[in-house]
């Protein structure tokens, strides 16, 4: 191995960022070539792949928690991370250590030769290499972008989930729901179960599933998620039902019931032991950072969410409508390539005042708060206060919020990470 290769995780992350001229370069030829050289095969006895516009990370966390409650050894690969790269690769519920990542990155470097790999491709191959070295019963893989041409699709999954299909990343996936659905359903495999979290999936998804013989399990059709009371919900299918606690730290956002329902459906679709007690325990214990994560400062409730597209904003609005009425102040920081106006319009009835934060520190996709205002022209959010960054905006929003009020921070993974860092430092 070349002596010029990095010696620490930060150095490695900088190195892999420079190994391809593009941040995103969809396609499987390069990763397949390198994976073959690395001897990568099926990373576990069973594999579930998870695609979708929103809800992927939560669904992975729920599958992982339920399977671990059943006593299975589980690996999980997710992206992006919030605080530390290690969050992307978990084995038995624990983030992998730096040393393991360094060994994985070195294995990729030794195998790739002159083949250029993107940051995400490098990380995916590293994760698969680490999983293959462990005796795992189940690996859960979160698709990075789309599905058909995403590096995760290198693996033939035993079950696939498409949580939702909506508009996002149009420059890569297409400008209408049917085209985007066609990209996402590329993770489905012939005669393997496909779990669908949309009540009415795009026709392209159903056509492809039918064409390859993948049995489609549709929420509100083949399985159901039904509210029972303020603390419970019911998952059911023909001949089976189970009453469960609300998922994700008991926040009970309506969308989390769908994510939990898809997680249960996927596990039941596989030839795995799955006892009722494990489902109950897993749903109760599942955790994921940055999804309506709650903090409190001086009597003000602070909620941090990674939501960054119109569908996610509608889910946030739905959740706000289920909560006790409080004056809600929003901190919003969006990347320049996101469709910001529909996002703030979805929350117009739930937000009393807006604080807009600049995102230049996020890299070339960032923008100033003033540039964001221009993109929000005509909306109530455009009249909000502008701030250089999320930390400054959050401090101002806490001053703006009345006692017993609420601050909602959202707009990107970067915004959530910065808010959590500031909140943890000020605790």
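The values are calculated or read from the model by the stated rules, or taken from the named source; none is laboratory data. All values reported here derive from a predicted model rather than from experimental measurement. Cβ atoms come from the backbone with ideal geometry, glycine included; neighbour counts cover every protein chain shown.
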Residue 233 fails exactly one of the following numbered conditions: (1) closer than 18 Å to residue 279 by Cα; (2) outside any strand (DSSP E or B). What is the number of that condition?
(2)
Any chance segment 189-196 includes a residue that's assigned to a helix (DSSP H, G or I) and touching a strand residue (DSSP E or B) at 6+ places or on another chain (Cβ under 9 Å)?
no
With the structure loaded, tell me whether residue 190 is under 20 Å from residue 28 (Cα atoms), touching a helix residue (DSSP H, G or I) at 6+ places or on another chain (Cβ under 7 Å) and without any contact (Cβ under 8 Å) to a residue 60 or more places away in the chain or whether it fails that test.
yes
Name the helices (runs of 4 or more DSSP H) wholly inside segment 261-375 in which the number of residues that are at pLDDT 90 or above, assigned by TED's automatic domain parsing to the domain that holds residue 191 and in contact with a strand residue (DSSP E or B) (Cβ under 8 Å, 6 or more places away or on another chain) is 1 or more.
276-285
Give 421, 399 a once-over and let me know the one that is in a helix (DSSP H, G or I) and in contact (Cβ under 8 Å) with a residue 12 or more places away in the chain.
421
Would you say residue 178 is under 24 Å from residue 341 (Cβ atoms), buried (at least 17 other Cβ atoms within 10 Å of the Cβ) and either in contact (Cβ under 8 Å) with a residue 24 or more places away in the chain or assigned by TED's automatic domain parsing to the domain that holds residue 258 (or both)?
no
Inside segment 6-52, the number of residues satisfying the requirement of being in a loop (DSSP other than H, G, I, E, B) and either closer than 16 Å to residue 119 by Cβ or in contact with a strand residue (DSSP E or B) (Cβ under 8 Å, 6 or more places away or on another chain) (or both) is 15
Does any residue in segment 8-36 that is closer than 20 Å to residue 155 by Cβ come within less than 6 Å, Cβ to Cβ, of a residue that is assigned to a loop (DSSP other than H, G, I, E, B) six or more places away or on a different chain, and which pairs are these?
25/118; 26/149; 27/149; 30/115; 33/115; 34/115
